Amino acid sequence: MTAQRDASAAPAQVRQGRVSPERTISGNAVAELREAIVAKLAYAIGRTPANARERDWFAATALALRDRIVDACMDSERSIPNKRVYYLSLEFLIGRLLSDAMNNLGLVETTRAALRELGVDLGDVEAAEPDAALGNGGLGRLAACFMESMASLSIPAIGYGIRYDHGLFRQSLEDGWQKEAPETWLAEGNPWEFVRPEATYSVGFGGHVTMSSVSEGVIRRHWHPAETVRAVAHDVPVVGWRGRHVNTLRLWKAEAEAPVDLARFNGGDHVGALAGRARAEAISRVLYPSDSSAEGQELRLRQEYFFTSASLQDLVRRHMAERGDLRSLADHAAIQLNDTHPAIAVPELMRLLLEDHGLNWEDAWHITTNTLGYTNHTLLPEALETWPVELMERVLPRHMQIIYLINWMHLEEQGKHGRGNAAQLASVSLIDESHGKRVRMGHLAFLGARRVNGVSALHTDLMRSTVFKDLHALDTDKIVNKTNGITFRRWLHNANPELTALAIEAVGPEVLDTPELLTGLADVASDPNFQSRYAAMRRSRKAALANVVTERTGIAIDPSALFDVQIKRIHEYKRQLLNVIETVALYQAIKADPKRDWTPRVKIFGGKAAPSYVQAKLIIKLACDVAKVVNADPDVAGRLTVAFLPNYSVSLAEAIIPAADLSEQISTAGMEASGTGNMKLALNGALTIGTLDGANIEIRDHVGPENIFIFGLDAAGVQARMAEPNYAEAAIAASPRLKAALDLIESGRFSPEEPGRFRPIVDDLRHNDRYLLTVDFDDYWRAQRAVDAAWNDPTAWWRAAILNTARMAWFSSDRSMREYAEEIWRVRVG
Ligand code: 26W
């Protein structure tokens with residue numbers, strides 16, 4: 001293994017033979033692929049088998065497979081599809097592509113054999129691929145699952161995003177404190193991508209707008225940007241299941257119009273001559289690492305407009321080349337906005353139609369509002385994007401004019417329908433005037449879209465009754481629900497080949513094509529033989545994960561203990577702190593009664609905090625400090641172990657999820673829009689301990705209330721309790737167990753070198769507790785003890801686990817994509 005190996009990579013022992021559609025592998029196919037790999041190694045990389053590093057073998061293998069994908073691609077592009085989906089997303093959290101590509105092409109075993117003949121281990125080659133971490137969390141990973149599902153369903157689609165030089169930062173833990181380092185996934189190039197210099201567009205910023213009169217009463221406006229940046233397309237092919245269809249992920253790289261300002265250079269200002277280039281290229285330099293609060297920085301607005309404008313120019317050009325008339329755009333293109341990050345598409349599409357193509361306002365608005373769709377992914381107030389009008393006027397003056405005009409017409413319409421009082425108008429206006437003037441991007445996307453969707457049943461209901469209540473009243477058909485899903489190819493077949501093999505044995509190989517067949521596993525849920533093989537599968541994944549944990553944290557964990565897993569971004573609403581406090585309470589309980597037969601538990605945490613999120617970083621530190629004390633205490637040895645795995649990533653998720661017994665989905669009800677990690681864990685047979693939040697509710701409905709541990713207030717209960725004064729104080733007073741745990745943390749027991757370290761956390765809980773942790777604590781404790789009891793009845797536990805796998809079939813992103821295709825995009829599947 002070389003020094004360059006990605007430290008976040010899942011090690012070889014957690015990956016092994018996976019199930020592929022290859023029933024048999026032919027010697028010819030192996031020899032052909034082997035030769036292709038050696039040729040790539042020589043002629044594309046300039047290495048011989050003797051001096052190639054793992055990274056070189058990876059690149060050569062990827063290039064050889066890419067050729068196969070290109071062949072399939074040519075087939076996909078033979079005819080012009082009637083309608084295409086354009087999925088605009090500032091984030092695509094892809095992870096590694098090699099195993100996806102091999103699996104979908106049916107070439108896993110062929111590749112393994114070809115490499116073996118060259119003396120190379122496929123597992124090592126896979127581990128040499130860096131994760132493409134072009135996203136923060138749920139929203140970005142969802143976009144990646146959707147791209148894979150659209151390709152697998154042969155829905156013609158192009159994903160549009162940014163080719164960030166640096167994706168999500170690398171997290172290390174220094175004495176429990178999160179440290180961030182830049183991530184460099186492109187350091188050795190990207191064998192999957194094709195640069196397309198011919199697909200380059202100019203994107204303008206700043207400047208001013210002039211008017212000209214075209215005819216009597218018709219005025220046209222012209223934008224004269226002060227600065228333009230080039231967007232250069234980089235295409236990554238996305239191959240679907242069985243290689244039947246290939247779509248494209250088109251990522252834009254920002255380049256300066258001129259590499260140097262020659263006038264300044266010649267004038268002697270050698271550094272200043274490069275400033276314009278640095279400013280332009282900064283746009284695709286780095287992914288913003290926050291997925292919970294809108295920061296409102298100018299560079300972020302530039303990123304959003306940059307990729308939206310380039311994407312719209314590209315799809316308009318394609319449409320004109322294929323159809324010759326923009327009036328039919330809505331018939332042949334469905335543009336989906338992944339949250340509000342591309343919401344500037346509303347005025348940008350209007351601008352292109354009005355200015356570049358000479359349409360009138362009514363026609364342009366009709367086309368725009370029949371082409372766009374908008375998906376909302378969060379209702380948290382701090383995450384809803386608004387941009388100061390002053391900033392918009394400076395960076396995008398023409399768009400601001402169009403927004404004003406859209407708003408004016410929209411508010412006029414309200415007046416006509418007798419909804420013109422000041423409060424009503426203020427709530428539906430595109431401009432929020434409550435604290436300076438700001439453009440509400442959610443409202444803008446709402447007005448510009450034909451359909452607006454939430455990502456779980458509860459979330460969609462809350463959209464209708466809270467943030468979009470008044471807009472919803474204007475058009476009650478507009479908001480629809482599309483519950484999230486996950487691609488089973490990655491999260492079951494690739495991540496858990498052993499479970500997949502068991503499923504194939506039980507219900508037949510057709511399960512690879514038709515996830516609904518998984519439900520057939522219910523028939524063997526009580527079969528002792530099947531149960532013991534299912535348990536053996538879990539045991540082997542846990543042993544592999546235990547090695548990873550020890551390798552990365554130095555903590556030894558026992559694979560026979562219950563693995564209790566909470567993996568996701570660190571955020572107060574997700575309540576990792578609730579889990580940590582329950583850990584402290586359990587620690588106290590075990591110490592108080594060491595003779596009891598406590599259920600052995602390993603608590604595993606993973607997740608990144610936004611670099612500027614001080615409270616979240618302190619929660620990580622607390623988890624690590626608690627781990628240090630608990631793991632060193634002989635009184636609890638063998639009963640309770642705590643580990644925080646650094647640098648959580650897609651690859652690490654693939655190693656953790658199949659090894660989890662218990663899935664923590666404990667957000668404050670009403671705050672997690674959906675969750676998708678909850679689906680991955682339940683599909684792999686972890687039982688969920690969770691609140692009635694997001695998709696947990698639908699998971700309960702599918703797996704059955706007896707196969708999930710639900711606790712806490714529901715969303716209505718949360719709303720009601722928040723209105724009560726001093727609810728936290730009351731809850732702590734009513735719970736001696738909670739009080740004792742908080743007192744212990746406050747005493748400095750976990751931070752003897754700095755006793756006051758965690759006082760801010762405890763103080764906040766006592767006096768504020770926005771996320772109702774204190775209120776839900778006792779019921780969470782009760783549910784955890786129910787988990788302990790259930791674990792002690794293995795027959796019942798494994799039955800419940802198998803039923804979870806069986807009944808999660810509905811949560812495939814293939815199902816989500818079919819629903820979008822039918823009800824939002826009106827595009828044919830297949
Ligand atoms: C502007 C800052 C910012 C950036 C990203 C605010 C909010 C976001 C995202 C919308 C946050 C996000 O990833 N939301 C998650 O989306 C998932 C996919 O739908 C859901 O499963 C999660 O519940 C939701 O938190």
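Here are a few things to note about the model shown:
- Checked against the criterion of being hydroxyl-bearing (S, T, Y), more than 16 Å from the ligand (Cβ to nearest atom), more than 29 Å from T210 (Cα to Cα) and not in a helix (DSSP H, G or I), region 459-469 has no qualifying residue.
- Residues that are under 34 Å from the mean Cα position of the chain (by Cα) and surrounded by 14 or more Cβ atoms within 10 Å (Cβ to Cβ) within region 720-750 comprise R721, M722, Y727, A728, L738, A741, L742, I745, F750, listed in sequence order.
- The one condition in (1) within 16 Å of the ligand (Cβ to nearest atom); (2) crowded, with 24+ Cβ neighbours inside 10 Å that T111 fails to fulfil: (1)
- Looking only at region 681-697, residues that are near the ligand (Cβ under 10 Å from one of its atoms) and under 16 Å from the mean Cα position of the chain (by Cα) come to 2 in all.
- For region 649-680, the set of residues classified as charged (D, E, K, R), open to solvent by less than 10 Å² (accessible area, probe 1.4 Å) and within 16 Å of the ligand (Cβ to nearest atom) consists of E664 only.
- Condition met for G685 (surrounded by 24 or more Cβ atoms within 10 Å (Cβ to Cβ), touching a Phe, Trp or Tyr at 6+ places or on another chain (Cβ under 9 Å) and closer than 29 Å to L458 by Cβ): yes
- Selection from region 559-577 of residues that are touching a residue at least 24 places away in the same chain (Cβ under 8 Å) and assigned to a loop (DSSP other than H, G, I, E, B): S560, A561, K568, R569, I570, H571, R575
- Within region 591-610, residues that are within 12 Å of T641 (Cβ to Cβ) have Cβ atoms under 8 Å from residues that are open to solvent by less than 10 Å² (accessible area, probe 1.4 Å) and acidic (D, E) in these pairs: R601/D564; V602/D564; K603/D564; I604/D564, counting only partners at least 6 apart in sequence or on another chain.
- Selection within region 281-296 - at pLDDT 95 or above and part of a loop (DSSP other than H, G, I, E, B): R285, L287, Y288, P289
- Verdict on A151 being assigned to a helix (DSSP H, G or I), more than 16 Å from the ligand (Cβ to nearest atom) and touching a residue at least 12 places away in the same chain (Cβ under 8 Å): yes
- Yes/no for L88 being open to solvent by 10 Å² or more (accessible area, probe 1.4 Å), within 16 Å of the ligand (Cβ to nearest atom) and in contact with a strand residue (DSSP E or B) (Cβ under 7 Å, 6 or more places away or on another chain): no
- Region 449-458, residues that are open to solvent by less than 10 Å² (accessible area, probe 1.4 Å) and either touching a Pro at 6+ places or on another chain (Cβ under 8 Å) or within 11 Å of the ligand (Cβ to nearest atom) (or both): N453, G454, V455, S456
- Identity of the residue in region 393-412, out of contact with any helix residue (DSSP H, G or I) (no Cβ under 6 Å at 6 or more places or on another chain) and open to solvent by 40 Å² or more (accessible area, probe 1.4 Å), that ends up farthest from T368 (Cα to Cα): R394
- Any hit, region 490-513, residues being free of Cβ contacts under 8 Å to residues at least 40 places away in the same chain, of a type in the set (D, E, K, R) and assigned to a helix (DSSP H, G or I): yes
- Number of residues in region 539-574 that are of a type in the set (K, R) and in contact with a helix residue (DSSP H, G or I) (Cβ under 6 Å, 6 or more places away or on another chain): the value is 3.
- Check on G415, within 16 Å of the ligand (Cβ to nearest atom) and either open to solvent by less than 60 Å² (accessible area, probe 1.4 Å) or part of a helix (DSSP H, G or I) (or both): no
- Scope region 246-266; condition open to solvent by less than 70 Å² (accessible area, probe 1.4 Å) and either closer than 30 Å to G436 by Cβ or modelled with pLDDT under 95 (or both); matching residues: A254, A258, V260, D261
- Every test in (1) closer than 22 Å to I666 by Cα; (2) modelled with pLDDT under 95 is passed by P515 save one, and that test is (1).
- Some residue of region 366-381 being in contact (Cβ under 8 Å) with a residue 40 or more places away in the chain, open to solvent by less than 10 Å² (accessible area, probe 1.4 Å) and in a loop (DSSP other than H, G, I, E, B): yes
- Check on F146, within 16 Å of the ligand (Cβ to nearest atom), more than 28 Å from N453 (Cβ to Cβ) and either within 21 Å of the chain's Cα centre (by Cα) or crowded, with 22+ Cβ neighbours inside 10 Å (or both): no
- Number of positions in region 241-280 that are part of a strand (DSSP E or B) and of a type in the set (K, R): 2
- The one condition in (1) farther than 20 Å from L301 by Cβ; (2) within 24 Å of the chain's Cα centre (by Cα) that E362 fails to fulfil: (2)
- Single residue of region 518-553 satisfying the filter (assigned to a helix (DSSP H, G or I) and of a type in the set (S, T, N, Q)) that is nearest to Y648 (Cα to Cα): T553
- Among residues that are in contact (Cβ under 8 Å) with a residue 12 or more places away in the chain, closer than 19 Å to P237 by Cβ, of a type in the set (D, E) and open to solvent by less than 50 Å² (accessible area, probe 1.4 Å), E193 is included.
- Test: residue in region 434-444 that is under 30 Å from G95 (Cβ atoms), β-branched (V, I, T) and within 16 Å of the ligand (Cβ to nearest atom): no
- A count restricted to region 492-508 and to residues that are of a type outside the set (D, E) and closer than 16 Å to V524 by Cα stands at 9.
- Looking only at residues of region 703-712 that are in a loop (DSSP other than H, G, I, E, B) and open to solvent by less than 20 Å² (accessible area, probe 1.4 Å), we find that the one that is farthest from the ligand (Cβ to nearest atom) is G704.
- Taking region 43-145 and the strands (runs of 3 or more DSSP E) fully enclosed by it, the elements with 2 or more residues that are under 25 Å from Y820 (Cα atoms) and at pLDDT 95 or above are at 84-88, 92-95.
- Looking at region 298-363, the helices (runs of 4 or more DSSP H) lying wholly inside it that each contain 1 or more residues that are over 22 Å from V827 (Cα atoms), within 16 Å of the ligand (Cβ to nearest atom) and open to solvent by less than 10 Å² (accessible area, probe 1.4 Å) sit at 298-323.
The values are calculated or read from the model by the stated rules, or taken from the named source; none is laboratory data. A quick note: this is a predicted structure, and the numbers were derived from the prediction, not measured. Reconstructed Cβ throughout: ideal geometry from the backbone, glycine too, with neighbour counts over all protein chains shown. Protein only, heavy atoms only, side chains kept; ligands, DNA and RNA dropped before computing areas. Shrake-Rupley method; radii C 1.70, N 1.55, O 1.52, S 1.80 Å.
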